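These notes are about the structure you will find just below.
The values are calculated or read from the model by the stated rules, or taken from the named source; none is laboratory data. Only a predicted model underlies this, so the values are computations on that prediction, with no experimental measurement involved. Every residue, glycine as well, gets a Cβ built from its backbone with ideal geometry; the counts of neighbours run over all protein chains shown. The area values use the complete protein model at the heavy-atom level, side chains included, leaving out ligands, DNA and RNA. Shrake-Rupley method; radii C 1.70, N 1.55, O 1.52, S 1.80 Å.
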Amino acid sequence: MKRILLLGGVTEALAIARTLGPEHIYSLAGIGRVPDDLNCQVRVGGYGGAEGLAQCIRDEGIDLLLDATHPYAAQISQNAASAARLSGIPCWALRRPAWQPQAGDDWRDVSDWAELIQALEPFRRPLFTLGREPLQHLNEIPPEQFWTLRALDVYPGNPRCEVIGARGPFLIDDERALFERRQIDVLVSKNSGSTATEPKLEVARERGVPVLVLKRPVLAAVDREFQSVTDVLKALSTSDFS
Ligand code: NAP
């Protein structure tokens, strides 16, 4: 019997986990919701780096490591590639295609926080959709800016920043209302490629609002790469792993 260790934390990973039997393991970092209705085993929490992950692979007799983590979760993807190599098993990865700018878009790439802050200078009312990272910078907000920050959970803001706790999928009309209510003049986003969070880009396009796009990290090379859940499931079914 072949065993899969599936590294998850995004919608597509959960879709794959739902197809796995009880011999397989679905692994989560422990910052989001933990499903309790799966047939496969669920493991929550880190491994202590690539060595720890390789140890788990050996202890559990894993035959395939499947990385279906978020495109910006660079550390675990690097650990996955290294751990698979250390333990002599294949590593496959589901890598979502990036969003592509369309006619009418004004996207500006930024590489890191310093570039982002510089690119934000001409704007007054940014909407941040980067997760929790901006929370570390609430004391650095320039007096002429008011930030709206959307994260998975709500956190305390300050007089120049409101934090909204919300989980996708987001509807286009709700996104339109958010941009209008807060008079958003720039959107700050990762390029996650997820359909669940794509409507904000459409609203930015409609309103002529620029988007500061945090560049994707370069991820480690793996044995096989897939762009969709369907492709992963097809490969599993024809490779003796399902
Ligand atoms: P990261 O920086 O690449 O990883 C940090 C550490 O978290 C890893 O070194 C590992 O700890 C642990 N970890 C991450 N994913 C894990 C998994 N599936 N199972 C067990 N341990 C895991 O990751 P991140 O960006 O903080 O993301 C954490 C989780 O949230 C991932 O599952 C990711 O798919 C999900 N997520 C991330 C984003 C994002 O924008 N980054 C968005 C949506 C969902 P050890 O080194 O101790 O093993």
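Can you tell me how segment 75-122 classifies by the Cα gyration tensor, rounded, prolate or oblate, using a/c under 1.5 as the rounded cut? Oblate is the answer for segment 75-122, as a/c is 1.5 or above yet b/c matches or exceeds a/b. Our summary gives segment 107-214 a relative contact order of 32 percent, counting only alpha carbon pairs under 8 angstrom and 6 or more residues apart.
The shape of segment 83-242 comes out prolate: with a ≥ b ≥ c from the C-alpha gyration tensor, a/c is at least 1.5 and a/b beats b/c. Looking at the chain, the accessible area is 50 square angstrom per residue; that uses a 1.4 Å probe and ignores ligands, DNA and RNA. By accessible area, using a 1.4 Å probe on protein heavy atoms only, the chain has 49% of its surface on carbon and sulfur. Residues whose amide H falls under 5 Å from that of residue 43, counting only those 5 or more places apart or on a different chain, are 26, 27, 28, with hydrogens built in the peptide plane. In terms of its C-alpha gyration tensor, segment 17-56 has an oblate overall shape, because the principal axis ratio a/c (a ≥ b ≥ c, square roots of the eigenvalues) is not below 1.5 and a/b does not outweigh b/c. Separation of segment 1-60 and segment 129-149, taken as the distance between their Cα centroids, equals 33 angstrom. Here segment 107-214 is treated with +1 on each Lys and Arg Cβ and -1 on each Asp and Glu Cβ, and its dipole about the Cα centre works out to around 180 debye. Taking label positions 7 Å along the Cα-Cβ direction at both residue 37 and residue 145, the computed distance is 4.1 nm, reported to one decimal. For the chain, the number of Lys pairs with C-alpha atoms closer than 25 Å, counting only pairs eight or more positions apart or on separate chains, is 4.
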